[in-house]
1. Considering only segment 80-89, I want to know if a residue exists there that is farther than 25 Å from residue 24 by Cα and part of a helix (DSSP H, G or I).
2. Would you check which residues across segment 1-17 are touching a residue at least 40 places away in the same chain (Cβ under 8 Å) and over 12 Å from the mean Cα position of the chain (by Cα) and list them?
3. When you scan segment 72-79, do you find a residue that is without any contact (Cβ under 8 Å) to a residue 60 or more places away in the chain, touching a strand residue (DSSP E or B) at 6+ places or on another chain (Cβ under 8 Å) and either farther than 25 Å from residue 112 by Cα or part of a helix (DSSP H, G or I) (or both), even just one?
4. Could you please find all residues in segment 80-106 being over 12 Å from the mean Cα position of the chain (by Cα), more than 25 Å from residue 18 (Cα to Cα) and in contact (Cβ under 8 Å) with a residue 12 or more places away in the chain?
5. Hey, among 104, 49, which residue is touching a strand residue (DSSP E or B) at 6+ places or on another chain (Cβ under 9 Å), part of a strand (DSSP E or B) and within 14 Å of residue 4 (Cβ to Cβ)?
6. Does segment 25-33 contain at least one residue that is in contact (Cβ under 8 Å) with a residue 40 or more places away in the chain, surrounded by 12 or more Cβ atoms within 10 Å (Cβ to Cβ), over 13 Å from residue 90 (Cα atoms) and touching a helix residue (DSSP H, G or I) at 6+ places or on another chain (Cβ under 6 Å)?
7. Only one of these is modelled with pLDDT of 95 or more, in contact with a helix residue (DSSP H, G or I) (Cβ under 9 Å, 6 or more places away or on another chain), surrounded by 14 or more Cβ atoms within 10 Å (Cβ to Cβ) and more than 20 Å from residue 3 (Cβ to Cβ): 86, 90, 54. Name it.
């Protein structure tokens, strides 16, 4: 099994719904988003998936989140924009992109250097 991974950093503000703690207040993060695709077959160039294809798909999704107040976005009106829910949202958006030899394996959202959440379907 081969894996290819791309990461990108975005800045967003959010607040957690009905959370008893400081994260209930408006605050922001420089999120590191890590996306991994997996597959067992390489293309004729010896690649599972061209990194530029992943970056294009990821940039399309993250462009709608970067420098935004997540709670104002329709995707997070009824669900708290936790790292877990952000990862799931990005995963489901990226899963719509089909690639010949690779499938989306996981999306990890790092809130800080020491803590992250991962979503896999």
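1. Taking segment 80-89 as the starting set, the residues that turn out to be farther than 25 Å from residue 24 by Cα are none.
Scanning segment 80-89, I find no residue that is farther than 25 Å from residue 24 by Cα and part of a helix (DSSP H, G or I), so the answer is no.
2. Restricting attention to segment 1-17, the residues satisfying the condition of being touching a residue at least 40 places away in the same chain (Cβ under 8 Å) are 2-4, 6, 8, 10-17.
Once the filter is applied, which keeps residues that are touching a residue at least 40 places away in the same chain (Cβ under 8 Å) and over 12 Å from the mean Cα position of the chain (by Cα), segment 1-17 yields 2, 3, 4, 11, 12, 13, 14, 15, 16, 17.
3. no
4. Of everything in segment 80-106, those that are over 12 Å from the mean Cα position of the chain (by Cα), more than 25 Å from residue 18 (Cα to Cα) and in contact (Cβ under 8 Å) with a residue 12 or more places away in the chain turn out to be 97, 99, 100, 101, 102, 103.
5. Details: 49 fails: part of a strand (DSSP E or B).
Every option except 104 fails the conditions.
6. no
7. On the way: 90 fails: more than 20 Å from residue 3 (Cβ to Cβ); 54 fails: more than 20 Å from residue 3 (Cβ to Cβ).
Within the list 86, 90, 54, the selection yields 86.
The values are calculated or read from the model by the stated rules, or taken from the named source; none is laboratory data. A quick note: this is a predicted structure, and the numbers were derived from the prediction, not measured. Neighbour counts run over all protein chains shown; Cβ positions are idealised from the backbone, glycine included.
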